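Contents: one structure, followed by commentary.
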Amino acid sequence: MKTVLANNCKEIKLDLKLLDKVTRYISNKLDKSSTSGLNVIFTGTEEIRKLNKEYRGIDSSTDVLSFSYVSDKNGLGSEEEPFIIGEIFISPEIARANASRQKKSWDLDLEIILLIVHGILHLYDYDHEAEDERLDMEVLQNSLLDDARKTFNL
């Protein structure tokens, strides 16, 4: 899967090279197609609040939002022009705040990777509204995160 990361939040320095490698690694676990693409956009707190209000009716900031277009693919896309299966918006500012509340071995990169994994799972219809869905998603999310940590020595 082709991935594109865009950093629209210049206030926080991100290791985009690492994040792109991990995003490609994780997304390829769910879709190895060279005709699929994924956009990850790092944005400010105010912008993610606006998106949250517009698309979910919730007037507050959040750490991650996912917009899935997977069901629209139906054979569309090519290696030259991949079909974008989804977009993930992440607020590095909120991710940094989340990371600061975790144990010492947890940092901003790990928090953002967790949010990328979480967002990718939402693209493929994993959810955490119902308890059984939450447990299924959490198990897969933790497995993918552990795999990425081992693979990239995080």
- Item | Residue that is modelled with the highest pLDDT [pool: residues in the stretch 75-95 that are touching a strand residue (DSSP E or B) at 6+ places or on another chain (Cβ under 9 Å) and farther than 30 Å from LYS13 by Cβ] | PHE83
- Task: Spot the failing condition for SER71; the list is (1) without any contact (Cβ under 8 Å) to a residue 12 or more places away in the chain; (2) of a type outside the set (Asp, Glu); (3) over 15 Å from HIS122 (Cβ atoms), and only one is missed.
- Result: (3)
- Message: Can you find, within the stretch 18-67, the residue that is nearest to ILE88 (Cα to Cα) among those that are of a type in the set (Val, Ile, Thr), in contact (Cβ under 8 Å) with a residue 24 or more places away in the chain and in contact with a helix residue (DSSP H, G or I) (Cβ under 7 Å, 6 or more places away or on another chain)?
- Response: VAL40
- Could you grab me the full set of residues in the stretch 101-146 that are more than 17 Å from the chain's Cα centre (by Cα) and aliphatic (A, V, I, L, M)? ALA130, LEU135
- Query: Can you find a residue in the stretch 84-96 that is of a type in the set (Lys, Arg) and touching a residue at least 60 places away in the same chain (Cβ under 8 Å)?
  - Reply: yes
- Filtering the stretch 34-53 down to residues that are surrounded by fewer than 17 Cβ atoms within 10 Å (Cβ to Cβ) and modelled with pLDDT under 95 yields SER34
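The values are calculated or read from the model by the stated rules, or taken from the named source; none is laboratory data. Just so you know, these numbers come straight off a predicted model, no measurement behind them. Don't worry about glycine lacking a Cβ; one is built from the backbone with ideal geometry, like all the others, and counts go over all protein chains shown.
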